[in-house]
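Notes follow once the structure below has been shown.
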Amino acid sequence: MDPSSKKLTGRLMLAVGGAVLGSLQYGYNTGVINAPQKVIEEFYNETWIHRYGEPISPSTLTTLWSLSVAIFSIGGMLGAFSVGLFVNRFGRRNSMLMVNVLAFVSAVLMGFSKLGKSFEMLILGRFIIGVYSGLTTGFVPMYVGEVSPTALRGALGTLHQLSVVIGILIAQVFGLDSIMGTEDLWPLLLSITFLPAVIQCILLPFCPESPRFLLINRNEENRAKSVLKKLRGTGDVTRDLQEMKEESRQMMREKKVTILELFRSPIYRQPILIAVMLQLSQQLSGINAVFYYSTSIFEKAGVQQPVYATIGAGIVNTAFTVVSLFVVERAGRRTLHLIGLGGMAGCAVLMTIALALLQLCGPYVFVIFTVLLVLFFIFTYFKVPETKGRTFDEIASGFRQGGASQSDKTPEELFHPLGADSQV
């Protein structure tokens, strides 16, 4: 194996570090709304009294608060659907740079919502930062994967998730009523997202564009070669170029398909099913419910200091993401995902039992998560092949040859055309 394929150069670290600031933003805005719930609800009540001369009804307050939380995800879905419109036209790096406009706009709206006596500004700001987060969760892993050498792609790709959980943890700590989760400072807590946006706007112009985008999308081989030399710290990038050229040739042989054809064609059905199921296994695992409502969950469970329990959960989340950074290339993505699904299923059972001992209705939502996690575990075990150490083209080749549906082959045989004993 080429030693340069495992080399962490300064330019590579700058590129990855500048990109994952967007992931930090996503994590921060996922967790920031949790801790200051009571003071924000009081702001809603005061605003209602100012407008209508009477306190807000409990049902209306619940609706507004639920909308404030959920609209972030609605914006995220819209943003995620728009990723392709940006990256293929403007490039990966430029797209990350451009969408920081959304972060600035949302920071202004949320930061001045109290001054403007407008909960609509806060909700709109949450929607816009949701759009930003949906976009950045597409941009960042794509960019990091394309600038990273194959041998480091798994480890560096983990930095996206690490930045997400660090962002959640920072939001939980800043949300303490002894820091910014106060009646006066909560607007700053929500709007401080402008800081990583400023830093990213400073760093990204010094980061290279994705060499894969330059070669495949723009057909600029000389620029792609120059970028690869800087990223790899070596003058010989022939192997990287050959991998991308082979991928480009394979893409040119593939006909353009519609969304319906993706699901109808046996060639695409398996990879699209795996991609959808893996995303569902994460989103429907119950972790989002925990991080959006962890403070109230711990409070109902009888925890004396629920906010600190929430921070504890964030610390554990961050710690194990760091662990995955070092073991992902050894253990493999599939194995770690199976462990995560199994662990979450067990935790969902324990949470259901624990909550059911203060209250006999409501907590059984985690039974649903438990059933889903078991089903996702079974699907991953039987249908998802390992991708450790494989190039993009080798992965695609595995699916063209039948993918994970060929149960008589090992994951290594499926994902490498030369067999399990071949070396990358």
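Details
- When the residues of the range 50-76 are filtered to those that are under 18 Å from the mean Cα position of the chain (by Cα), among the β-branched types (Val, Ile, Thr) and closer than 23 Å to Leu115 by Cβ, the one that is modelled with the highest pLDDT is Ile71.
- Being part of a helix (DSSP H, G or I), open to solvent by 30 Å² or more (accessible area, probe 1.4 Å) and among the small types (Gly, Ala, Ser) holds for only one residue in Ser68, Ser59, and it is Ser59.
- Helices (runs of 4 or more DSSP H) completely within the range 245-342 that count 3 or more residues being modelled with pLDDT of 80 or more: 266-283, 306-331
- The range 139-190, subset open to solvent by less than 30 Å² (accessible area, probe 1.4 Å) and aromatic (Phe, Trp, Tyr), residue nearest to the chain's Cα centre (by Cα): Phe139
- Taken across the range 3-13, residues that are under 16 Å from Gly138 (Cβ atoms), hydrophobic (A, V, I, L, M, F, W, C) and either under 22 Å from the mean Cα position of the chain (by Cα) or crowded, with 23+ Cβ neighbours inside 10 Å (or both) do not occur at all.
- Members of the range 211-240 that are free of Cβ contacts under 8 Å to residues at least 12 places away in the same chain, in a helix (DSSP H, G or I) and open to solvent by less than 70 Å² (accessible area, probe 1.4 Å): Ser226
- Given (1) without any contact (Cβ under 8 Å) to a residue 12 or more places away in the chain; (2) outside any helix (DSSP H, G or I), index of the condition Pro208 fails: (1)
- Being modelled with pLDDT of 95 or more, in contact with a helix residue (DSSP H, G or I) (Cβ under 9 Å, 6 or more places away or on another chain), small (Gly, Ala, Ser) and surrounded by 16 or more Cβ atoms within 10 Å (Cβ to Cβ) holds for only one residue in Ala19, Ala35, Ala80, and it is Ala19.
- Taken over the range 77-108, the criterion of being without any contact (Cβ under 8 Å) to a residue 40 or more places away in the chain, over 18 Å from the mean Cα position of the chain (by Cα) and farther than 15 Å from Phe213 by Cβ is satisfied by Val101, Val105.
- Selection within the range 111-142 - farther than 20 Å from Leu78 by Cα and assigned to a helix (DSSP H, G or I): Gly111, Phe119
- Selection within the range 129-138 - open to solvent by 10 Å² or more (accessible area, probe 1.4 Å) and either hydroxyl-bearing (Ser, Thr, Tyr) or over 10 Å from the mean Cα position of the chain (by Cα) (or both): Val131, Thr137
- Selection over the range 241-271 of residues that are in contact (Cβ under 8 Å) with a residue 12 or more places away in the chain and open to solvent by 90 Å² or more (accessible area, probe 1.4 Å) gives a count of 1.
The values are calculated or read from the model by the stated rules, or taken from the named source; none is laboratory data. This is a predicted model, so every value here is computed, not measured. Neighbour counts run over all protein chains shown; Cβ positions are idealised from the backbone, glycine included. Quick note on the areas: whole protein, heavy atoms, side chains included, nothing else; ligands and nucleic acids left out. Shrake-Rupley method; radii C 1.70, N 1.55, O 1.52, S 1.80 Å.
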